[in-house]
Amino acid sequence: MAVAEKKMAVAEKKTEKAWGKIVDAGLDEGIKKLTPEKIEKVINKALAAMGGARLKTYVDTCIHCGLCSEACHHYLSNDRDPSFAPVAKVKQTMWPILKNKGRVTPEFIRRAAEIAYTECNLCKRCSMYCPFGIDMAYILLSVRRICHLLGVTPLYLQDTAHSHAVTMNQMWVKQDDWIDTVQWQEEEIRAEIKNPRIPIDKEGADIMYSVIGPEPKFQAQLMGQAAIIMNVAGINWTYPSFDGWDNSDMAMYSGDHEIMGRVKRAHFEAAFRLKAKKIVMGECGHAFRSIYDVGNRWLGLKMPPVPVIHAIQFYYELLREGRIKIAKKFKEPVTLHDPCNVIRGRGLGEMARYVTNAICEDFTEMQPNREYNFCCCAGGGVINCGPPWAKKRAISNRVKAEQMKETGAHIVITPCHNCHSGIEDIIKYYKLGMHTKFFSEILVEVMEIPEEFKVG
Amino acid sequence: MPKWPYKGKEYDMDEDGFLQDWEAWEEGMAPELAKMEGVELDDRHWELIRYLRDYYIKYQIAPPIKMLVKEMAKAFGPEKGNTKYLYQLFPGGPAKQACKFAGLPKPTGCV
């Protein structure tokens, strides 16, 4: 234990060099309520509840070869500082926890939380290079679960989890605000297309469309764009007026599995209540992961109980079937960022390229790309840990800045909200002079508006 | 935490450029905060900044975008009451720019 603590102190010192000591009341105040006895009790209870077989297999299988190191953007961007290697992150967190059977100090938990919440985006790029395919993200998520149960979570992320618990959406949006926003967007897009409809609570619709909290709260134009696409493509669709409209799930990333499960259940239940044939979700990554990897499993489901289609696949199908036609392709040079949760995690890489080529004239790939693409460094709930960690997040993704710069593109297509905001931050920090766009923003700009929808 | 110098005093500013203490904000700060992002404030910006402040004081949370757009429609006429116009005023959006200039904390969530 003493050795582990000493090593941790060294690691701590190293991190101080780059971004100074970071204050986060969620972590700093959180550990003040802990005692070694409480920690031991909570950890052992948590490990027993988690079953431990998956965790133990991963930890026992790792041969400490270090092949994961070069895969990690934190490691590469911090000049190959060994403490940022994925294996080192496990070594500084789960190994001592298991080895010492939960007998670790509050200071250890503070550092473990910082690693698990802010030095790993759970992007699983390292798993692509691990000879055994060990799921590092699962291990670090398990560390987060323990931190959550100990009450040591980053403040901004915890606020989002609280919002999920209270409102079932991530941005404290009240039901009347939600309904009003949907109806207002229908009014707003009358300037773009004739007689648009955004049906609410339409029973038996082919598609229940779902979004994430920030859309009604601050980015309502994305809901408007989705509605234009739905109307022009002639889709039989609807929004629920009630809880379950938000597909996001930051409780999954804070480690609050109970709330995660409730939020996921509400999402699925909304589709059942509306008798919708499937759910189509907007351009979000973690929400997708929450229904095919983490949230579904917590609910005891191998796969979601109702088909859930990501926006990339939805646009791909609309374009391929000719339900949406392109009037004039987007001219500016673009590149495409592959979000981990939809590309590496779910294999939508070729569909994303089909859509990009269908709507853009000048597309240059990042290198590497598809499932080998570098992470945005915002995902995994890291951007949700808020401003205290923003500089660290930018410094730890220099490799992404270099990768994007090489493409010479002006626009980075980012079909995920976290990637979208995170990459905008990287662009700003490294002064790349680029901009991020969602597919929907470009699609609405270049699609053909049939005569019957033309305004005026 | 970075310090922001303003009129001979230093204010805590977080790593995203938001004032740490929303109560420390005063009107003279807004044009300076906006300048850092290349935005020059005029009456239209001020209408929304004051609305944001009032709303935050009442509800301790930033208003949803629809409230801001409706406020714009009231102040400048219906043809300017739309999301596109709001984003022309604050290219970084209501969360990351309007709140920042108004001295409010960065909203939590995927923003």
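The Cys residues in chain A with no partner Cys Cβ within less than 4.7 Å of their Cβ are A:Cys62, A:Cys65, A:Cys72, A:Cys120, A:Cys130, A:Cys147, A:Cys284, A:Cys360, A:Cys377, A:Cys385. Using C-alpha pairs under 8 Å with a sequence gap of at least 6, the mean separation divided by the residue count of region A:300-382 gives a relative contact order of 33 percent.
Exceedance of the 22 Å cut-off in Cα-Cα distance is limited, within the set A:Lys124/A:Lys302; B:Lys3/B:Lys58; B:Lys35/B:Lys106; B:Lys66/B:Lys96; A:Lys428/B:Lys35, to B:Lys3/B:Lys58. Taking 27 Å as the limit for the C-alpha separation, the pairs A:Lys174/B:Lys100; A:Lys174/A:Lys392; A:Lys437/B:Lys74 exceed it in the case of A:Lys174/A:Lys392; A:Lys437/B:Lys74.
Shape analysis of the protein assembly as shown based on the Cα gyration tensor places the equivalent ellipsoid semi-axes at 37, 28, 23 Å, largest first.
Loop-located trypsin sites (Lys or Arg not before Pro) in region B:1-90 (DSSP state other than H, G, I, E, B) with a sparse environment of at most 10 neighbouring Cβ atoms within 10 Å: B:Lys7.
Heavy-atom accessible area with a 1.4 Å probe sorts A:Asp28, A:Asp177, largest first, into A:Asp28, A:Asp177. Taking 13 Å as the straight-line reach from the Cα of A:Lys277, the aspartates and glutamates in range (excluding those fewer than 8 positions away in the same chain) are A:Glu203, A:Asp206, A:Glu269. How many percent of the accessible area of chain B is carbon or sulfur, using a 1.4 Å probe? Carbon-and-sulfur percentage of accessible area, whole number: 49.
Sorting A:Leu67, A:Leu141 on solvent-accessible area from highest to lowest, probe radius 1.4 Å, gives A:Leu67, A:Leu141. When you restrict to C-alpha pairs under 8 Å that are six or more residues apart and normalise by the size of region A:334-446, the relative contact order lands at 31 percent. Each of A:Leu47, A:Cys120, A:His73 was placed along the dipole of region A:3-152 (beta-carbon charges, centred on the mean Cα), and the one lying farthest toward the positive end is A:Leu47.
Overall shape: oblate for region A:3-152, with the ratio a/c of the largest to smallest alpha carbon gyration tensor axis at 1.5 or above and b/c at least equal to a/b.
With Cα atoms defining each centre, region A:27-47 and region A:317-382 are spaced 43 Å apart in the structure. Remark: relative contact order (region B:1-84) = 14 percent; criterion is Cα-Cα distance under 8 angstrom and separation of 6 or more residues.
Working note: 222 nm ellipticity from helices only, DSSP H runs with n ≥ 4, each -39,500 (n - 2.57), summed and divided by the residues of chain A, gives -14500 deg cm²/dmol to the nearest 500.
The values are calculated or read from the model by the stated rules, or taken from the named source; none is laboratory data. None of the values given here were measured: they were computed from a predicted structure. Reconstructed Cβ throughout: ideal geometry from the backbone, glycine too, with neighbour counts over all protein chains shown. Ligands, DNA and RNA are stripped out before the accessible areas are found, and what is left, the full protein with its side chains, is counted by its heavy atoms. Shrake-Rupley method; radii C 1.70, N 1.55, O 1.52, S 1.80 Å.
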